[in-house]
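Data first, discussion second: the structure below is written as structure tokens.
The values are calculated or read from the model by the stated rules, or taken from the named source; none is laboratory data. The structure presented is a predicted model; accordingly, all values stated were derived computationally and were not measured. Note that we place each Cβ from the backbone using ideal geometry, even for glycine, and neighbour counts take in every protein chain shown. Just the protein is used for accessible areas: all its heavy atoms, side chains included, with ligands, DNA and RNA removed. Shrake-Rupley method; radii C 1.70, N 1.55, O 1.52, S 1.80 Å.
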Amino acid sequence: MSRKTERWLALGTLLALVLFGLVASPRMGGQVKDILVFCILALGLNVVVGYAGLLQLGIAAFFGIGAYITGILTVTQFPFQWNFWPAMIAATIGSGVAGVLLAGPTLRLRGDYLAIVTLGFGEVIKFAIKNLENITNGSRALNPIPAPDSLLDWNGNFRWYYYLALGVLVLVVLLLRTLEDSRIGRAWFAIREDELAASCMGLNAAQVKLTAFALGAALAGLAGSIYAASLNQTGGPDSYTFNRSITVLCFLIIGGMGNIRGAIAGTFVLMGYDNILTPALDNWIQESGVSWRFSTFKLVVFGLALILMMRFRPEGIFPSRRAEQEAD
Amino acid sequence: MLIFLQQLINGLTTGTLFALIAIGYTMVYGIIELINFAHGDLFMLGAFLALTIVSALGLEHMGPAGATGGIVLTFVLCMAFCALLNFLQDRIIYRPIRNAPKLTPLVSAIGVSFVFMGIGQIWKGVADINFPDVIPNKNLLGTDSLRFTAKDLLVILVTTPLMAGLTVFVRFTKLGKAMRATAQNPTAARLMGIDVDRVIGWTFAIGGLLAGAASVIYGLTINTVSFQMGYQNGLYAFTAAVLGGIGNLPGAMLGGIVIGLVRSLGSQYVGEQWTSALVFAILILLLVFRPSGLLGTRTREKV
């Protein structure tokens, strides 16, 4: 795909999403709003796994940190009671800092061990959210997170959070586009392709990896912050499990690792399957009078799709330009 | 002191159970560097099969002799089932993508894990299910203050010979030697005339065999099974494998026992709800200060 068609495709998708927000029903609009938030999360993970080639199995932890920083700074039960906007920025920075704190001492670990550390960190955060009840309210979650301002009807009309998510997503995409062609972006790709060669050329591998890790964590925190705000609450520990981390990784794999189009397409396909197609199929089957539900088979179908994808098209729906070249 | 001893007993018994599952992770990782995410769910399917067999035979209503025979039969069937399933998993799914980049088989394993979990869901539903109480919960010690039950004895009686047998097998048989050679260097092993694919197939089968045994023990001693049990226990067992030094057989056994002890002592002295976080925090700290695990040797990254 040439850069020109790519640009038209991106603009077309954006236009379609803007128009969709105007005409969608609240239920459908809410679903797509969630998908947009998860696109931001997937793009964050894509920086770590896709760009820098570090396997990260605990992205949900940073998603959760973002959500809970937002919650703690805004809800009435704590003395801070910030407005949402500064809280969102604090959540982004705070998650990024958490990413640096985790990655700093562990980045020297070999590939798989880093993955395991991130997995363990994800579990620790989940249990911390569950057990630190006087800070996080445990499974009752922090609520209510107030609306960002009183000018707009944030809670009455789903469109405002929808356009907030879309707007932030567009900004993130523009930022990543710029970074891809910048010095640091190329350093990420170089480290991913061959760490030894890259460091022989004078790149500081640890520093390059750390920036990827921090940016990935910060974007995940940003996504978590918007997610929590649009739910009016932080969602509880079960929203930030290993399962979620794995699912977001699957978004990238299905869509195509290492490029923005792939991350977004994968998120739309899998979340669409999970949240929109499956209930629709269930409804349709029920109306035709059969006592059989598609959702029972949802997991098996998803698993089989992953296996078949890895066998026949491991580079994903939209392979990155580099993967495309390698396949030729 | 008695409380400490009691928690020691509990920790050792659950620890050996984790160790049995951990061996399946560590053997597969040692030989093809794949974190086999489906292994925990294989264990879950084994437990469901055990539940089906035990209920069909009606073991809880039988006398001691009948029950013993039934339990042995359940062990044999579940071990064979898990071994075969794990072998087929490698043959059908991982073998065709053997030379792909590392992420490809890893994602396939995640896919298999979802398929197994989905099958479990369809097979027995999403709720927790009671596993018939076949083994009496009788205390074998003379005192009331310290409990070592028939269930604990069963765990020790099954896991110890299995682990000893495996150690002997890997150390002294021809196939065991071939496994060690393949783990060290697959290319060199192939050049020496070892059928690497066959060795890998056996490795999966043995890992499955042990997971099958673990699943029956789990059902008989914990008495509750659910389609999610594979995920949680798999995560602990995998942590055990890493803790001991992934790819290292005695390491997996040690790691399993360490995790069992951390959980039992942690629930006594730190608080039940913090034990899981404690396990993973120890894992992170250990990896930071000793990246190759307790018994692992430092490997240099291949260039």
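List of remarks:
- Normalised size of region B:1-104, defined as Cα radius of gyration per 2.2 N^0.38 Å with N residues, equals 1.40.
- Between A:E193 and B:T187, the simple spin-label model (points 7 angstrom out along Cα→Cβ) gives 2.1 nm.
- Cα shape, region B:75-156, gyration tensor, a/c 1.5 rule: prolate
- Helix-only mean residue ellipticity at 222 nm for chain B, each DSSP H run of n ≥ 4 adding -39500 (n - 2.57), per residue, nearest 500: -24500 deg cm²/dmol
- Residue-normalised accessible area of region B:150-303, expressed per residue, 1.4 Å probe, Å²: 45 Å²
- Segment B:I122-B:W274, extension gain: residue separation times 0.36 nm, minus the distance between their alpha carbons: 51.5 nm
- Separation between Cα centres of region B:167-205 and region B:1-58, rounded to whole Å: 24 Å
- The orientation-averaged projection of the convex hull spanning the C-alpha atoms of the protein assembly as shown amounts to 31.8 square nanometres.
- Hydrodynamic radius by Kirkwood, which averages 1/r over all alpha carbon pairs of region A:158-199, in angstrom: 12.0 Å
- Candidate cross-link partners of B:K151 among the aspartates and glutamates, defined by an alpha-carbon separation under 19 Å and a same-chain spacing of 8 or more, comprise B:E60, B:D133.
- Estimated distance in nm for a label pair at B:T173 and B:D144, the labels positioned 7 Å out from Cα along Cα-to-Cβ: 4.9 nm
- Within a Gaussian network of chain A (alpha carbon springs, distance under 10 Å), most fluctuating of A:D238, A:D149, A:D34: A:D149
- Rolling a 1.4 Å probe over the protein heavy atoms of the protein assembly as shown, with every protein chain left in place, gives an accessible area that is 65 percent carbon and sulfur.
- Overall shape: oblate for region A:1-105, with the ratio a/c of the largest to smallest alpha carbon gyration tensor axis at 1.5 or above and b/c at least equal to a/b.
- Chain A - mean residue ellipticity at 222 nm from DSSP helices (-39,500 (n - 2.57) per run, n ≥ 4, rounded to 500): -23000 deg cm²/dmol
- When A and B come together, around 3800 square angstrom of accessible surface is lost from both chains combined, probe 1.4 Å.
- Two-decimal Rg to Rh for region B:2-289 - Kirkwood Rh, Cα set: 0.97
- Normalised by the number of residues in region B:2-289, the mean separation of alpha-carbon contacts (under 8 Å, six or more apart) gives a relative contact order of 40 percent.
- GNM remark for chain A: springs join alpha carbons under 10 Å apart, and the peak mean-square fluctuation among A:T296, A:T241, A:T92 falls on A:T296.
- Rounded, prolate or oblate (a/c below 1.5 giving rounded, otherwise prolate when a/b exceeds b/c) for chain A by Cα gyration tensor: rounded
- Of all lysines in the structure, the ones whose alpha carbon falls short of 21 Å from that of B:K102, not counting any fewer than 8 places away in one chain, are A:K209, B:K302.
- Candidate lysines for bridging to A:K130, where Cα separation is under 27 Å - those fewer than 8 sequence places away on the same chain excluded: A:K33
- Most mobile of A:L14, A:L222, A:L176 in a GNM of chain A (Cα contacts under 10 Å): A:L14
- As a calculated quantity, the FRET efficiency between A:V97 and B:D197 at R0 = 51 Å, using C-beta atoms, amounts to about 0.60.
- Per-residue extension of 0.36 nm, minus the Cα-Cα distance of A:R3 and A:I285, leaves a gain of 97.3 nm for this segment.
- Backbone N within region A:197-236 under 20 Å of label point (7 Å from A:N157 Cα along the Cβ vector): A:229-232
- Student exercise, region B:2-289 dipole from Lys, Arg, Asp, Glu Cβ charges, in Debye to nearest 20: 800 debye
- Equivalent-ellipsoid semi-axes for region B:173-303 (Cα gyration tensor, √(5λ), whole Å, largest first): 31, 21, 10.
- log10 of Debye I(q)/I(0), alpha-carbon scatterers only, for region A:140-292 at 0.20 Å⁻¹: -1.38
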